[in-house]
Each structure stands twice: as structure tokens, then as C-alpha cells.
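Shown next, in C-alpha cells, is the structure this report addresses.
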């Protein structure tokens, strides 16, 4: 128990520091956007590249784990579509509920994995991200294209979003370097390692700065229902599929943690740009992040 809270509390304290810094208007409202892009396009990809490029992947059952993750996300999406009339009153609101119920906050997950399982856990986590990122982007962008205001309903909107995702390219490059035996080149490897050290702390500060406590009161019904789906139903599906695919040990634990994590802060940007309910999305992000302070310790006690 103490070990779990020792791993969780630093993560959420950094999130609170980020929220406090934004409330104090430091380093200024205009700074958080560029910092978020720096983390997303440079630091986070460097972490994934450095982790996968030098990892020992042979002993890990990453295929079954990836299959279990995709199956979990598809099952959650099936529930969302079946319950659509009860989950949100408008189509844009439903598209935000979909994002809130399927996307994953990688900063929180990777920070917890690093604190609990170290480098071995980060290797599994990077593979999990490689399965999650394309799947949730297809689900989110497809839903926004169908239900958002002014979204692009064409397949190319989904393809374009995936092609621009730096996390996908970092995972592809890392796996390719690993599979070919090349590994991280002498100069690129140390540089990626240095960049990766800044990814998680800055990412957590950004998560905190993105919290919007006033938005939680915007529309309580969809916020609560999405939180239940994301923080309770999705982990239950994950347990089922991990068992069906025979995934055990640290691989199963990391996968379950990802499926139980709150939604990504980047969901707000996607909702705003592609016609979702951005205000509702801000409430979903904030409510789930706060609720996960209670739910994630329970999940971690189960996997431990």
C-alpha cells in the first residue's frame, strides 16, 4: 500500500503544481501552448524512441497484449454506440464522451510505470502506446468526423491525423531500430535519452495546467457516465481480454493501468479543432484526472 501511494503521490503532486502555476499565471498563459507542443512533438517521442530502440523485446508477449488493448477499446466503443442516446444530448457532446471514454493520458501512465516498474515497465508501456495511439485516434477522429460540428467525414481526415502523429512515428522508428539490431545510433541515443528525461515532469505540469475546474459543472451527466466507462468499465473489459489472450505478469499490469487511466488532455484540442463539445471535453479531462487519484490506487493494488 505504501509503495503504491509512494509511486502515485509524486505524480499527482506535480499535476497540482502545474495547476497552481497556471492559477498564478506563471510562466504566463501564452507559454502553456508552446510547452505542450514541445512535450508532444519532441520530448514524448524521444522517450518512446529511446525506450523501444534499446529494449529487449524478445521475452515480452507484446502481440497478445496489443490485441487485448485493441479489443478493450473496441468493446468500449461498442458500448458507447449502443448507449449513445443516453450518454449525451447532442452529437458534438457524444463525440467528446467518446474521447473521454477511450483516450489515455500517456503522461500519467508513463510516470506511474516508471515509478513502479522502472525501465522494464517503460518498455512494455511504449509497446502499449504503439497499440493505443493509432486505435484511439481512429476512434476519436472517426467519431468527430461523424458527430462533430463541421468535421471532415472523409477517410482522409483519419489518415491525415494518424500520419501527423509523432508518437506513432517514434514507435515505428524505435521498433525498426530494435528489430534490425541497429539500436540507437551513438549520437541520437544519448540525445534522445537527455530529451526523454524532461518528458514526464513537463508532461505532468502540462496536465495540471490543463485542468479546468469550472468546466466540471458544465454538464454533470455525461461527465459522470464517461468517467464510469473510462475508469471502471474499460478496466473490467481489459481484465477479461488480458485473461482471454493469456497475458500475465508485468505486461498485463501495465496494460491494465493504461486502460484504467484518465483521458488525455490533448482531447480538448482535438474536440475544439474538429467540432466536438470542447467545454464538455475540458470537464471530462478534469473530472477523470481528479477521480483517478482514487481509482488508480485501487487498480494498482489489484495488479500488485
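Values in this text are rule-based calculations from the coordinates and carry no lab data. Being a predicted model, the structure only gives us computed values, none of them experimental. In this analysis, Cβ positions are derived from the backbone assuming ideal geometry, glycine residues included, and neighbour counts consider all displayed protein chains.
Set against the 2.2 N^0.38 Å expectation for a compact globular protein, segment 2-303 has a Cα radius of gyration ratio of 0.94. As a length-normalised measure over Cα pairs under 8 Å and 6 or more apart, the relative contact order of segment 1-148 settles at 33 percent.
Listed peptides 230-236, 199-205, 251-257 appear in the order 251-257, 199-205, 230-236 once ranked by packing, highest mean of other Cβ atoms within 10 Å at the front.
What's the ranking of 206-214, 289-297 by average number of surrounding C-beta atoms within 10 Å, highest first?
Details: 206-214: 20.1, 289-297: 18.0.
Those peptides, ordered most packed to least, come out 206-214, 289-297.
With the simple model of a label 7 Å out from the Cα in the direction of the Cβ, residue 138 to residue 31 spans 4.0 nm. Can you compute log10 of I(q)/I(0) for segment 1-108 with the Debye formula, treating each Cα as one identical point scatterer, at q = 0.14 Å⁻¹? For segment 1-108, the Cα-only Debye profile gives -1.01. When the convex hull of its Cα atoms is viewed from all sides, segment 191-246 shows a mean projected area of 6.5 nm².
Relative contact order for the chain: what is it in percent, counting Cα pairs under 8 Å that are at least 6 residues apart?
Details: 453 pairs, mean separation 105.8, N = 304.
Rounded, it is 35 percent for the chain.
Computed over the chain, the per-residue total of -39500 (n - 2.57) for DSSP H runs of n ≥ 4 gives a 222 nm mean residue ellipticity of -25500 deg cm²/dmol, rounded to 500.
By the beta-carbon count within 10 Å of each Cβ, the least crowded to most crowded order of 5, 241, fewest first, is 5, 241. Contact order, relative form, for segment 248-304: 43 percent (alpha carbon pairs under 8 Å, 6 or more residues apart, mean separation divided by residue count).
Here segment 176-212 is scanned for amide nitrogen atoms under 11 Å from the site 7 Å beyond the Cα of residue 21 along Cα-to-Cβ, giving 201-210. Rounded to whole Å, the principal axis extents of the Cα atoms in segment 178-304 read 51, 36, 26, largest first. If the elastic network links every pair of Cα atoms under 10 Å, which of 64, 92, 27 fluctuates the most in the Gaussian network model of the chain? Evaluated over the chain, the most mobile residue of the options is 27. The shape of segment 225-297 can be summarised by an equivalent ellipsoid whose semi-axes, obtained from the alpha carbon gyration tensor, come to 27, 13, 10 Å from longest to shortest. Here r is the Cβ-Cβ distance between residue 224 and residue 74 and R0 is 22 Å; the resulting FRET efficiency, rounded to 0.05, is 0.40. Taking the fewest neighbouring Cβ atoms within 10 Å as the starting point, the ordered list for 281, 65 is 65, 281.
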